[in-house]
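Each remark here refers to the structure printed beneath this line.
The values are calculated or read from the model by the stated rules, or taken from the named source; none is laboratory data. The shown structure was predicted, so the numbers you read here are calculated from the model rather than taken from an experiment. Cβ coordinates were reconstructed from backbone atoms using ideal geometry, including for glycine residues, and neighbour counts include every protein chain displayed.
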Amino acid sequence: MNPLLSIRQTPFNTPPFNEIKNQHFLPAIKELVERAKSEIESIMNHNAAPTFDNTLKALEKSGKDLDRASSIFFNLNSAETSDEIQALAREISPILTEFSNDILLNERLFLRVKYVYENEDQSTWSEEQKTLCEKTFKGFVRNGALLNEDEKSQLRAIDVELSKLSLEFGEHVLAETNKYEMVLDDENDLAGLPDSIKEMAAHTAKEKGHDGKWVITLDYPSYVPFMTYAENRGLRRELSLAFSSKAFKGDELDNQEIVKKIVNLRNKRAQLLGYETHAHFILEERMAQSPQKVMDFLSEVRTYGKPGAEQDVRAVAEYASQLDGLTDLQKWDFAYYSEKLKKEKYSIDDELLKPYFQLDNVAKGVFKTAGLLYGIHFVENREIQKYHDEVTVYEVLDENNKHVAVFYADFFPRPGKRAGAWMTSYAGQYKDNEGDHRPHVSIVCNFSKPTETKPSLLTFNEVTTLFHEFGHALHGMLANGSFESLSGTSVYWDFVELPSQIMENWCYEKECLDLFARHYETGEPIPEELIKKIKDSANFMEGYQTMRQLSFGLLDMAWHGQDNSSVEDIDAFEKAIFAETDVLPAVPGTNMSCSFSHIFQGGYSAGYYSYKWAEVLDADAFEYFKENGIFNEEVADKFKRHILSAGGSEHPMKLYKRFRGKEPDVKPLLRRAGLLE
């Protein structure tokens, strides 16, 4: 019996992870594709004239079991992968791409959708129905419904090729990350590292068969502290070069040709559909709307950011010179000396703060914050099956103890998990005749594991990461729409980071920190002077960070906002773009594009600017909270109703204005970053 084909009675219909084996995925996906095809067939063969219900609503409802099985599979491919799962992904991705194209290039189905779009009286429809109708119609058009048969075949071939290439890109980056080990057998090489990081390095060494030594890897919890604290400049350089040259070594894991192919295929696809470039195609469905508007926005931020970044680098260079006589500040020096300068300037560093941020307490703190804002609470549920022992599963309840969502928390790095942190879902929220189907949401992170002597203690940056991903989770958990394709995080891409980025603001407020920041040994609350230092140091190196973020956005737009078919040398292309924003010397042999997973594997192509765009929204929105109190019920209720629960039911600018009463303004962001008086 294949558990993916008939979900047994699990609590809230959650995935039966204990029963699912790798061999179940391919047959299940194949069968569920056939089931979904017959659902589509019955929509096309409907005797009555096309209506909203018999066409759009029926189409929305089709393929739910397939969506569920594929979300389980691809979530595991990110959080708990293996060679076997990666091989399956290479088989499954083209099947799903082809099925998606079969729908979107189906002329009879499109004609029914087009009929509803052009002929139905929409005056009695809800805003959500209007959005679904427009989104469905445009979805077909943007995927080639108006093309001739020959062009449709070209489009199909491009899409299959792109799905393979992006998988291959990600596999190369993961393989490069997992392959690298810096094995140290001299404790002097660990000089400067906090005890907790040394202990973690010893633990990693033991796991990797290097007993009695220390191992540093390219996983963030290992890489970042080493770059920040290690006194050995030569080793910092070695680690930095390894990190920055992932998939850029001319070997079998090299991504240079893959980058060129992806960029050119995306552009070719856009032009086939009648768009000037891939960026024009993508941005049509974003708040920013056009490449020009994105470039204008990035230029405005650069005007304020560049002088700030240059000032930051001068300050660090002068400090490194005074401290160690260093005359050539390099990229592998920046984190090390800026952290020392920060400590001297504010008497604060991660090691001073970490004892107050025990992971268990921070998780409880983020739950309490959500409770105060949105009236929900979290209860661990051991009946719900999970895909790894380290995952904790919660039931989310409202103030009347009514079920809201299922929440999975997966916090620690392991070999089968990709780097970084993300939110995802195993089931979205929607309503039908059976009632309100509540979502199953997960956040996946890579925080330092507990050791034999210490619990998992987070850096302040990791605290903000947890709040950030939890903001995405709230967007999913508090969804309250009729249609899954418009519910939760199914919003314009440059709007999706607002709920996550706004949550980070609470981490800087005493009222919130007092809920959870307690010393893991003494139970003492975080002292007020430390909170003041966190706030005072919040803008430290903000000019540098702004330019770094901006450089990634500009690189993304350079790859996707023009025809790059004549680009031969990826490195030269990238260096020319970074010359605009670089405030430290370029490093030969390194390359960002070849491991830029956000834009070549994730969904951020022509959309990386949206992190900065969302900062504008979150700074503007949080200013509204601050004016009224950070736990103000009325403002929180407006944010919940118009942003979190509304999902993609309407255009995001309409929703934002309904919450805020006006359009967002860039000034609060520049003020918060200390780049504007």
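Which residue, of Val379, Val444, Val406, Val396, is of a type in the set (Val, Ile, Thr), more than 26 Å from Ser70 (Cβ to Cβ) and in the same structural domain as Asp514 (by TED's automatic domain parsing)? Walk me through it before giving the result.
Numbers: Val444 fails: more than 26 Å from Ser70 (Cβ to Cβ); Val406 fails: more than 26 Å from Ser70 (Cβ to Cβ); Val396 fails: more than 26 Å from Ser70 (Cβ to Cβ).
Exactly one of Val379, Val444, Val406, Val396 is of a type in the set (Val, Ile, Thr), more than 26 Å from Ser70 (Cβ to Cβ) and in the same structural domain as Asp514 (by TED's automatic domain parsing), namely Val379.
For region 157-170, indicate whether the set of residues that are over 21 Å from Gln86 (Cβ atoms) and out of contact with any Ser or Thr (no Cβ under 6 Å at 6 or more places or on another chain) is non-empty. Steps first, please.
Within region 157-170, the subset over 21 Å from Gln86 (Cβ atoms) is 157-158.
Going one step further and asking which of them are out of contact with any Ser or Thr (no Cβ under 6 Å at 6 or more places or on another chain), we end up with 157-158.
Yes, there is a match, as at least one residue in region 157-170 is over 21 Å from Gln86 (Cβ atoms) and out of contact with any Ser or Thr (no Cβ under 6 Å at 6 or more places or on another chain).
When the residues of region 492-502 are narrowed to those that are over 11 Å from the mean Cα position of the chain (by Cα) and under 13 Å from Gly603 (Cα atoms), which ends up surrounded by the fewest Cβ atoms within 10 Å (Cβ to Cβ)?
Restricting to residues being over 11 Å from the mean Cα position of the chain (by Cα) and under 13 Å from Gly603 (Cα atoms), the top hit is Tyr492.
I'd like the full set of residues that are hydroxyl-bearing (Ser, Thr, Tyr) and surrounded by 18 or more Cβ atoms within 10 Å (Cβ to Cβ), limited to region 126-179. Spell out how you get there, then give the answer.
If we filter region 126-179 for residues that are hydroxyl-bearing (Ser, Thr, Tyr), which is where we start, we get 126, 131, 136, 153, 163, 166, 177.
If the condition is that a residue be hydroxyl-bearing (Ser, Thr, Tyr) and surrounded by 18 or more Cβ atoms within 10 Å (Cβ to Cβ), then Thr131, Thr136, Ser163, Ser166, Thr177 are the ones that fit.
Please go through region 551-570 and give me each residue that is without any contact (Cβ under 8 Å) to a residue 60 or more places away in the chain and of a type in the set (Asp, Glu), ordered by number. Can you show your working first?
Within region 551-570, the subset without any contact (Cβ under 8 Å) to a residue 60 or more places away in the chain is 551-552, 555-556, 558, 566, 568-569.
Within region 551-570, Asp556, Glu568, Asp569 meet the criteria.
Among the residues in region 246-257, are any assigned to a helix (DSSP H, G or I) and touching a Leu at 6+ places or on another chain (Cβ under 8 Å)?
Within region 246-257, the subset assigned to a helix (DSSP H, G or I) is 256-257.
From what's left, touching a Leu at 6+ places or on another chain (Cβ under 8 Å): none.
No, region 246-257 contains no residue that is assigned to a helix (DSSP H, G or I) and touching a Leu at 6+ places or on another chain (Cβ under 8 Å).
Can you tell me which residue among Lys354, Lys368, Lys364 is on the phi < 0 side of the Ramachandran plot, more than 24 Å from the chain's Cα centre (by Cα) and either free of Cβ contacts under 8 Å to residues at least 24 places away in the same chain or part of a helix (DSSP H, G or I) (or both)? I'd like the intermediate steps shown before the answer.
Working: Lys368 fails: more than 24 Å from the chain's Cα centre (by Cα); Lys364 fails: more than 24 Å from the chain's Cα centre (by Cα).
None of the others qualify; the one that does is Lys354.
For region 76-90, what are the residues that are of a type in the set (Asp, Glu) and either closer than 17 Å to Val444 by Cα or in the same structural domain as Ala409 (by TED's automatic domain parsing) (or both)?
Here is the first cut: in region 76-90, the residues of a type in the set (Asp, Glu) are 80, 83-84.
Hit for region 76-90 is Glu80, nothing else.
When you look at Ser196, is it surrounded by 15 or more Cβ atoms within 10 Å (Cβ to Cβ), hydroxyl-bearing (Ser, Thr, Tyr) and under 30 Å from Asn77 (Cβ atoms), yes or no? Spell out how you get there, then give the answer.
Details: surrounded by 15 or more Cβ atoms within 10 Å (Cβ to Cβ): yes; hydroxyl-bearing (Ser, Thr, Tyr): yes; under 30 Å from Asn77 (Cβ atoms): no.
In short, no.
Just a yes or no: is a residue in region 20-39 touching a residue at least 12 places away in the same chain (Cβ under 8 Å), surrounded by fewer than 15 Cβ atoms within 10 Å (Cβ to Cβ) and of a type in the set (S, T, N, Q)?
Yes, region 20-39 has at least one match.
Taking the residues in region 524-550 that are in contact (Cβ under 8 Å) with a residue 24 or more places away in the chain, part of a helix (DSSP H, G or I) and hydrophobic (A, V, I, L, M, F, W, C) as candidates, determine which candidate is farthest from Ser605 (Cα to Cα).
Leu530
A quick yes/no check of all residues on (1) of a type in the set (A, V, I, L, M, F, W, C); (2) under 27 Å from Lys206 (Cα atoms); (3) part of a helix (DSSP H, G or I):
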| site | (1), (2), (3) |
| --- | --- |
| Arg237 | no, yes, yes |
| Asn264 | no, no, yes |
| Arg269 | no, no, yes |
| Glu285 | no, no, no |
| Asp296 | no, no, yes |
| Glu300 | no, no, yes |
| Arg314 | no, no, yes |
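State whether one or more residues within region 65-81 are more than 30 Å from Pro415 (Cβ to Cβ), surrounded by fewer than 17 Cβ atoms within 10 Å (Cβ to Cβ) and in contact (Cβ under 8 Å) with a residue 24 or more places away in the chain.
We begin by selecting, within region 65-81, every residue more than 30 Å from Pro415 (Cβ to Cβ); these are 65.
Filter once more, so that each one left must be surrounded by fewer than 17 Cβ atoms within 10 Å (Cβ to Cβ): none.
So far as region 65-81 goes, no, none of its residues is more than 30 Å from Pro415 (Cβ to Cβ), surrounded by fewer than 17 Cβ atoms within 10 Å (Cβ to Cβ) and in contact (Cβ under 8 Å) with a residue 24 or more places away in the chain.
Mind checking which helices (runs of 4 or more DSSP H) fall wholly inside region 583-677 and carry at least 2 residues that are modelled with pLDDT of 95 or more? Let's see the steps before the verdict.
On the way: elements: 597-600, 610-628, 633-639, 652-660, 667-672.
Correct list: 597-600, 610-628, 633-639, 652-660.
Okay, residues lined up against (1) under 24 Å from the mean Cα position of the chain (by Cα); (2) in the same structural domain as His472 (by TED's automatic domain parsing); (3) farther than 24 Å from Lys246 by Cα:
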| site | (1), (2), (3) |
| --- | --- |
| Leu584 | no, no, no |
| Gly602 | yes, no, no |
| Ser605 | yes, no, no |
| Asp618 | yes, no, yes |
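Show me the strands (runs of 3 or more DSSP E) entirely contained within region 415-476 in which 3 or more residues are among the hydroxyl-bearing types (Ser, Thr, Tyr). So that I can check it myself, show each step before the final result.
On the way: elements: 422-427, 430-432, 435-437, 440-444.
Here the list reads 422-427.
Determine whether Glu568 is over 28 Å from the mean Cα position of the chain (by Cα) and not basic (Lys, Arg). Break it down stepwise before answering.
Values: over 28 Å from the mean Cα position of the chain (by Cα): yes; not basic (Lys, Arg): yes.
When the stated conditions are applied, Glu568 passes them.
Across region 29-70, what is the total count of residues that are within 19 Å of Leu4 (Cα to Cα) and in a helix (DSSP H, G or I)?
From region 29-70, those within 19 Å of Leu4 (Cα to Cα) are 29-39, 61-70; that's our starting set.
Still in the running and in a helix (DSSP H, G or I): 29-39, 61, 64-70.
Result for region 29-70: 19.
Please work out if Ile262 is under 25 Å from Lys575 (Cα atoms) and among the β-branched types (Val, Ile, Thr). Please lay out each step first, then the result.
On the way: under 25 Å from Lys575 (Cα atoms): yes; among the β-branched types (Val, Ile, Thr): yes.
So Ile262 fits the description; yes.
Might you let me know whether region 71-82 holds any residue that is part of a helix (DSSP H, G or I), of a type outside the set (Asp, Glu), more than 25 Å from the chain's Cα centre (by Cα) and closer than 23 Å to Arg156 by Cβ?
Taking region 71-82 as the starting set, the residues that turn out to be part of a helix (DSSP H, G or I) are 71-79.
If we keep only those that are of a type outside the set (Asp, Glu) as well, we get 71-79.
With the extra rule that they be more than 25 Å from the chain's Cα centre (by Cα), the set shrinks to none.
The answer is no; no qualifying residue exists.
Can you give me the number of residues within region 308-344 that are at pLDDT below 95 and exposed (fewer than 15 other Cβ atoms within 10 Å of the Cβ)?
Total satisfying the criteria: 1.
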